[in-house]
Amino acid sequence: MHHEIIISGFGGQGALFAGQLLAYGANAEGRYVTWIPSYGPEMRGGTANCTVIISDEEIGSPLTRHPTAALVLNPPSFDRFEPLVKTGGILIVNSSLVSAKSKREDIRVIYVPANDIAAELGVVQLANVVMVGTLIGVTQILKVETLDRVLEEHISERHRDKLPLNKQALRRGIALVQS
């Protein structure tokens, strides 16, 4: 198994946290993993992204030109990464904010109303976790129990009260592709 994943959105949407969640989960399951953030000046409202590579074998490079999966949280991320997804790959689109539709027929595209689902849960900032759940549901690269444990171990004290909602958001994303 070898997955190269890009997660991208506006600074503040939690793209980097979503990548960390995947990286910590892969590490907890004994896989090889890399996590490379890109956030410089983008953190002030521009696009921030990260690359996560999860593999059963050693990873030669922490970078990817053609990811096997991309989670795009906003329109600029869709425009930038939709053309780069590897043939046969997966594009997960936050349809709450991205109205564009992919014209590609060589990839699987999943439209997720992530902000709407997060708002239903009461915390719109959980859209990133909904998107991670969708990725997990469609690829099964990690176990949900592992991600529950990782959330418990790595969620900051400031956001500790939102731990149950993070777990719910994860499951809502998984349920979208398993129904």
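Condition check ((1) under 15 Å from the mean Cα position of the chain (by Cα); (2) under 23 Å from residue 34 (Cα atoms); (3) modelled with pLDDT of 95 or more; (4) surrounded by 24 or more Cβ atoms within 10 Å (Cβ to Cβ)) across all residues:
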{"site": "53", "(1), (2), (3), (4)": "yes, yes, yes, yes"}
{"site": "72", "(1), (2), (3), (4)": "yes, yes, yes, yes"}
{"site": "75", "(1), (2), (3), (4)": "no, no, yes, no"}
{"site": "107", "(1), (2), (3), (4)": "no, no, yes, no"}
{"site": "115", "(1), (2), (3), (4)": "yes, no, yes, no"}
{"site": "122", "(1), (2), (3), (4)": "no, no, no, no"}
{"site": "131", "(1), (2), (3), (4)": "yes, yes, yes, yes"}
{"site": "137", "(1), (2), (3), (4)": "yes, yes, yes, no"}
{"site": "142", "(1), (2), (3), (4)": "yes, yes, yes, no"}
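Within the stretch 57-85, the residues that satisfy the criterion of being in a loop (DSSP other than H, G, I, E, B), free of Cβ contacts under 8 Å to residues at least 40 places away in the same chain and of a type outside the set (A, V, I, L, M) are 58, 60, 61, 62, 65. Among the residues of the stretch 121-172, those identified as of a type in the set (A, V, I, L, M), touching a residue at least 40 places away in the same chain (Cβ under 8 Å) and in contact with an Asp or Glu (Cβ under 8 Å, 6 or more places away or on another chain) are 142, 170.
For the stretch 1-42, which residues satisfy the criterion of being within 21 Å of residue 167 (Cβ to Cβ), part of a loop (DSSP other than H, G, I, E, B) and of a type outside the set (D, E, K, R)? Those that are within 21 Å of residue 167 (Cβ to Cβ), part of a loop (DSSP other than H, G, I, E, B) and of a type outside the set (D, E, K, R): 13, 14. Taking the listed residues 55, 102, the one that is within 22 Å of residue 144 (Cβ to Cβ) and among the polar types (S, T, N, Q) is 55, with no other qualifying.
The values are calculated or read from the model by the stated rules, or taken from the named source; none is laboratory data. In this text the structure is predicted, and so the values were computed from the model without any measurement. Cβ coordinates were reconstructed from backbone atoms using ideal geometry, including for glycine residues, and neighbour counts include every protein chain displayed.
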